[in-house]
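Structure first, commentary second.
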């Protein structure tokens with residue numbers, strides 16, 4: 001896991017706790033049953049079913065370790081109502097120089113729960129990291145593959 005700070009909302013924290021509980025109780029048992037069945041099929045060196053079950057077991061254990069570490073080290077964020085953009089802030093952006101008056105609404109979240117289709121951008125994304133520390137009315141320049149884009153922070157919620 002990376003050494004950067006991971007941010008989670010309470011909702012995502014609880015969702016991960018539920019996933020961890022499922023993996024430890026039900027999924028581990030499922031995989032163990034699958035392994036036991038595969039062992040009974042005979043020669044393990046040429047038993048595809050057994051190798052698949054072992055691979056699945058490794059993936060489940062990796063995910064359990066990842067979630068346990070994430071839950072231990074994550075910083076829980078709350079919706080920020082302050083004057084400065086932080087993780088947890090919701091911002092309304094307008095493209096500078098655009099005549100269509102379209103604005104975009106984003107919430108800055110940790111990378112674990114970013115979802116651009118839901119308006120959640122990661123604090124480590126180019127746009128998210130550029131916005132951090134700015135205030136309502138500021139102009140923010142973001143480097144994109146197509147060049148620099150300038151956005152105005154129209155509102156901060």
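The values are calculated or read from the model by the stated rules, or taken from the named source; none is laboratory data. The model shown is predicted, which means the values in this text are computed figures rather than measured ones. A quick note on method: Cβ atoms are made from the backbone with ideal geometry, for glycine too, and the neighbour counts reach across all protein chains shown.
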Residues of region 72-122 satisfying the condition of being in contact with a helix residue (DSSP H, G or I) (Cβ under 9 Å, 6 or more places away or on another chain) and surrounded by fewer than 15 Cβ atoms within 10 Å (Cβ to Cβ): 76, 78
Scope region 101-116; condition free of Cβ contacts under 8 Å to residues at least 12 places away in the same chain and either assigned to a helix (DSSP H, G or I) or under 18 Å from residue 84 (Cβ atoms) (or both); matching residues: 116
Some residue of region 117-124 being in a helix (DSSP H, G or I), touching a strand residue (DSSP E or B) at 6+ places or on another chain (Cβ under 9 Å) and free of Cβ contacts under 8 Å to residues at least 12 places away in the same chain: yes
Single residue of region 133-148 satisfying the filter (touching a strand residue (DSSP E or B) at 6+ places or on another chain (Cβ under 7 Å) and either within 21 Å of residue 111 (Cβ to Cβ) or touching a residue at least 60 places away in the same chain (Cβ under 8 Å) (or both)) that is surrounded by the fewest Cβ atoms within 10 Å (Cβ to Cβ): 133
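Being out of contact with any helix residue (DSSP H, G or I) (no Cβ under 8 Å at 6 or more places or on another chain), outside the structural domain of residue 21 (by TED's automatic domain parsing), exposed (fewer than 14 other Cβ atoms within 10 Å of the Cβ) and not in a strand (DSSP E or B) is the requirement here; does residue 69 meet it? Walk me through how you get there before you give the answer.
On the way: out of contact with any helix residue (DSSP H, G or I) (no Cβ under 8 Å at 6 or more places or on another chain): yes; outside the structural domain of residue 21 (by TED's automatic domain parsing): no; exposed (fewer than 14 other Cβ atoms within 10 Å of the Cβ): yes; not in a strand (DSSP E or B): yes.
So residue 69 fails the test.
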Counted residues, region 7-58 - those being modelled with pLDDT under 90 and not in a helix (DSSP H, G or I): 6
